[in-house]
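Step one of this worksheet: look at the structure below.
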Amino acid sequence: MNAQETQTYNGPLQIGKYNGKATYSYKLVDNDTVLHGDFTVLRSNLQELLQKQDYSFQFKGAFVDGTANGPWKFQFGEFNSKSQSEVIDYQYRVLVSGIQKSASGKIQMGKPNGKWTILEEKIDDSEISSTLFKSIVSFDNGVPQQNFSINNENYTLVGRFLRDGLAHDEWSLFPTNGMDQSESWYFKDGILQSIRVDDDNDHKTIKAYKAYNGKTKVINLDAGYIKALEIQLSQVDVDILHHNSLPELLKQNAARYQEVDDILSDLGKSEFLPEFKVKVPYYPLDSLDGSKVDSIVAYYKKANALSESILHNSQLNILKLSDVNTAYQYNTVLHLKENFLKPIQEIVSYDSLGILEYTSRQQLINHVFPAGMPESKVDIKMQIDSVESSKSYSIPSSVLTNSTNSNIENIEAVAKMGYDGILAIANEVKETLAQEKRQNELASLEEEIIVQNDSLVTFIEAINDSIPLKYAKSLQQIKSSASTTLNDYSKVKSAKNRLTEARNTVRCIENLNALSITVSQMPQYKITIEESYTDRIWNPFMATLMDEDIKKKITAAYSKILEPYFLDEIAQHLSCDTVGALNDTINATHAKVLELKDKDTKKLERKLKKEKDPIAILELLNVQNTTKQ
């Protein structure tokens, strides 16, 4: 046997966002807790109330095998207290103020049954001062029946249902103060016939569903229904409806029933949401039309993402202020977004609400394209520094709207035209931004060229008189090479080649700067090597310490062959292609010679004894020489 005896629980319980103390009966079925019997959960905290604010709630009712059944009451409150109290029958009573919400009625196996009353009241010093919201609806096993009333602080709505829950007869909205407009919706067997709006000066009657094919579908009276209704109406009538509060009252009522349903669904099975039923004209989509709607949605999403990336690009927004072509590209996207994407966006929203089948295709087109289908060719206007101009634009698309097409095919064509047009502009914009990026990089590089050259000239002139003549001549050659490089760059006229040459010129002058520093250090390099290869040796004949040069073949190779070779390379073969490698070779050679001081170099010295070729010597020193290939 799965069912066990009914047990009782007393303790904490979390229901969604509500955390309180519960007492309920339950039984275990297949190791699951199934509510069965009376149920109560509540929360209130006097200490919090006295200190700041307290939220309280109490849910009380019963379950049968996990499904709510019988009388139920839900109370929600947010209160504060001014710490005022009074004594009644030897007990202290704390006065509270705030908002008290409640919902009460009977439930028949998860569904509302009989009269349900939902209230929201304002409480001042423990007394009801005003009713903010009140809903009274009668149900028969979840289906709304007979008359109902819903009111808030501003309006009261009354109406009635047929036994099957369909809206019927007059639904009337009355202003509480008697000064705002009143409104009546007339239903016949669930189908809205007309809407009458009255104010102190005039009245307006809006005819609903002027023409339909006689086929209908029963749906809920919700936000989707209101949207589907607007498609049938003129813009003037839609504007009138936007000032009404009848749908807003229904929305408020649905939100309160949803709150109760969330609680019951968290505890067990529930079908508590009331379904106010209406009928709408029905124009079903076949499989082919359905696939075209999917295509429309896909085109819109891709086109909208591209348009947003273009219109919100900060670089483009700056460029369009001074560049006519960028302004043309930007304004073309604005035109396509307004005339192609905006109407298609409505179609996409209707599809997401599932209401495309509740209007004829022609009514749909009349609603989203009131001025007719957009043209594929248009003049785009620009304004730069108060000077206006225009340029023609034709959408490069393989499809066009056509009178021989079905309405859905024409809508799909508009969606694709919008996408094709924005995609083409996006590709142009990509090149515009790339060109702007190249121009900005070029300006930055040219500025860097001047900075590097000025630095080189300043450095060489500063040390020219304080360095031995042979090194000074090399520095002047480096300076001359930089000047030649600048002159060559100035002759580059091709915009395509100029950026590449600017990068090469910056790199070249940076390397010339580095080489000039190395040349200025070469005298000290020579001294450092000489000092490193000089040892203090005891001379027994003189009875004193004397300096003696060691490993003379290595030092001679550096001072008599390699250093002159380096200076000659600067004088005879210096170019942008060789300067970096030459600088690296000079510094690597100096480091290598110092490193050999403490190593066994007898074999190397024997090889250096007769070697006069600088390239061969560099190879013997194991220094990679890239100045000669």
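The values are calculated or read from the model by the stated rules, or taken from the named source; none is laboratory data. Note that the structure is predicted; figures quoted are calculated from it, not measured. Here Cβ is always computed from backbone atoms with ideal geometry, including for glycine, and neighbour counts include all displayed protein chains. Heavy atoms of the whole protein, side chains included, go into the accessibility calculation; ligands, DNA and RNA do not. Shrake-Rupley method; radii C 1.70, N 1.55, O 1.52, S 1.80 Å.
Assorted remarks:
- Residue list for the stretch 8-23, filter: open to solvent by 30 Å² or more (accessible area, probe 1.4 Å), in a strand (DSSP E or B) and of a type outside the set (Lys, Arg): THR8, TYR9, ASN10, PRO12, LEU13, GLN14, ASN19, THR23
- Conditions (1) closer than 30 Å to TRP72 by Cα; (2) surrounded by fewer than 20 Cβ atoms within 10 Å (Cβ to Cβ); (3) out of contact with any Pro (no Cβ under 9 Å at 6 or more places or on another chain): number failed by VAL236: (1)
- Residues (within 15 Å of ASN504 (Cα to Cα) and of a type in the set (Gly, Ala, Ser)) located in the stretch 431-488: ALA443, SER444, SER481, ALA482, SER483
- From the list SER397, SER403, the lone residue that is assigned to a loop (DSSP other than H, G, I, E, B), surrounded by fewer than 20 Cβ atoms within 10 Å (Cβ to Cβ) and touching a helix residue (DSSP H, G or I) at 6+ places or on another chain (Cβ under 6 Å) is SER397.
- For the stretch 148-195, a tally of residues being assigned to a strand (DSSP E or B) and either in contact (Cβ under 8 Å) with a residue 24 or more places away in the chain or within 21 Å of THR131 (Cβ to Cβ) (or both) returns 25.
- Given (1) among the charged types (D, E, K, R); (2) modelled with pLDDT under 90; (3) part of a strand (DSSP E or B), index of the condition LYS82 fails: (3)
- From ALA581, ALA571, residue being within 54 Å of the chain's Cα centre (by Cα), part of a helix (DSSP H, G or I), at pLDDT below 95 and not hydroxyl-bearing (Ser, Thr, Tyr): ALA581
- Contact map, the stretch 491-517: residues that are of a type in the set (S, T, N, Q) paired with residues that are assigned to a loop (DSSP other than H, G, I, E, B) and crowded, with 18+ Cβ neighbours inside 10 Å, Cβ distance under 7 Å, separation 6+ or inter-chain. Pairs shown: ASN504/CYS576.
- Test result for LEU596, touching a strand residue (DSSP E or B) at 6+ places or on another chain (Cβ under 8 Å) and either at pLDDT below 90 or acidic (Asp, Glu) (or both): no
- Output for the stretch 132-189, where each listed residue is more than 19 Å from LEU221 (Cα to Cα) and out of contact with any strand residue (DSSP E or B) (no Cβ under 7 Å at 6 or more places or on another chain): ASN177, GLY178, MET179, ASP180
- For the stretch 209-216, the condition of being outside any loop (DSSP other than H, G, I, E, B) and at pLDDT 90 or above holds for at least one residue.
- Residues in the stretch 1-43 that are within 20 Å of PHE76 (Cα to Cα), in contact with a helix residue (DSSP H, G or I) (Cβ under 8 Å, 6 or more places away or on another chain) and aliphatic (A, V, I, L, M): ILE15 only.
- Exactly one residue among ILE529, ILE509 is in a helix (DSSP H, G or I), under 22 Å from LEU469 (Cβ atoms) and either at pLDDT 90 or above or among the aliphatic types (A, V, I, L, M) (or both), and that residue is ILE529.
- Restricting attention to the stretch 187-233 and to residues that are among the hydroxyl-bearing types (Ser, Thr, Tyr) and closer than 15 Å to GLU170 by Cα, the residue that is surrounded by the fewest Cβ atoms within 10 Å (Cβ to Cβ) turns out to be THR205.
- Picking from residues in the stretch 121-160 that are more than 21 Å from MET109 (Cβ to Cβ), modelled with pLDDT of 90 or more and of a type in the set (Phe, Trp, Tyr), the one that is surrounded by the most Cβ atoms within 10 Å (Cβ to Cβ) is PHE148.
- Odd one out for LEU364 among (1) assigned to a helix (DSSP H, G or I); (2) out of contact with any Pro (no Cβ under 6 Å at 6 or more places or on another chain); (3) open to solvent by less than 40 Å² (accessible area, probe 1.4 Å); (4) farther than 26 Å from LEU221 by Cα: (4)
- Sole residue being at pLDDT below 85 and either in a helix (DSSP H, G or I) or exposed (fewer than 13 other Cβ atoms within 10 Å of the Cβ) (or both), chosen from LYS553, LYS496, LYS560: LYS496
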